[in-house]
Amino acid sequence: MIEIVNYKSEWKEAFKQLNLSWLTKYNLCEEADLLVLNNPEQTILEKGGTIFLALSGIEVVGTAAMIPEHEGIYELAKMSVAENWQGRGISKLLLEKCLEWAKVKSAVKIELFSNSQLINALALYKKYGFADVEVKDSPFVTADIKMELML
């Protein structure tokens, strides 16, 4: 049974390690990632964003964050699922929770930056209506894909 919960500081290290796992696997980890992963309270929560965690019992098995960018615009960020938990619909649960949260916040658009190596993630985003747009204003050198979803 997977439960999607709001972030608590006691899960900071799990949030960091789950994301570092996939970032390093695909050789995508960079300074902008480390800034967020080392300081999620300051870089996400204090800015008015949120972090959701997928729990199996007390084990954190997935993460996703929504970071405010501009009025009504949020970035979907730091979405990860532990490798041994992939393929069980956890990323779908996390994404749906993020979309639900964005609608409550009266968001008009969600954007994300990604990399073409992340085939499964990109397929999920497209399934939910995200569309490719020109990659600009990216905080990530390795981001070769930008997608947006109008709400």
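The values are calculated or read from the model by the stated rules, or taken from the named source; none is laboratory data. Small disclaimer: the values here were computed from a predicted structure and weren't measured. The area values use the complete protein model at the heavy-atom level, side chains included, leaving out ligands, DNA and RNA. Shrake-Rupley method; radii C 1.70, N 1.55, O 1.52, S 1.80 Å.
Computed from phi, the 3J(HN,Hα) profile of the range 5-21 under the Karplus parametrisation 6.51, -1.76, 1.60 (θ = phi - 60°) reads 10, 6, 4, 10, 4, 5, 9, 4, 5, 5, 4, 5, 5, 4, 6, 4, 4 Hz, with x in place of Gly and Pro. The Cα center of the range 103-151 and the Cα center of the range 1-75 differ in position by 16 Å. In this structure the chain gives 53 Å² per residue of accessible area when probed at 1.4 Å with all protein chains present.
In the chain, the C-alpha radius of gyration followed by the widest Cα-Cα span (Dmax) gives 14.1, 40 angstrom.
Rolled with a 1.4 Å probe across the full set of protein chains, the surface gives ILE2 an accessible area near 40 Å². The convex hull defined by the C-alpha atoms of the range 70-151 has an orientation-averaged projected area of 5.4 nm². Applied to the range 53-69, the Karplus parametrisation 6.51 cos²θ - 1.76 cosθ + 1.60 on θ = phi - 60° returns per-residue 3J(HN,Hα) values of 10, 9, 10, 10, x, 9, 8, 7, 10, x, 9, 7, 10, 10, 10, x, 10 Hz, with x for Gly and Pro. The heavy atoms of PHE140 offer some 40 square angstrom of accessible surface to a 1.4 angstrom probe.
Considering only protein heavy atoms and a probe of 1.4 Å, how much of the accessible area of the chain is carbon and sulfur, as a whole percent? Before the final figure, lay out the partial values.
Values: 4040 of 8010 Å².
Answer for the chain: carbon and sulfur cover 50 percent of the accessible area.
The length gained by stretching the chain between ARG88 and GLU100 to full extension, at 0.36 nm per residue less their Cα-Cα distance, is 2.3 nm.
Evaluating 6.51 cos²θ - 1.76 cosθ + 1.60 at θ = phi - 60° for every residue in the range 85-94, the Karplus couplings come out as 10, 5, x, 10, x, 5, 5, 5, 4, 5 Hz, glycine and proline recorded as x.
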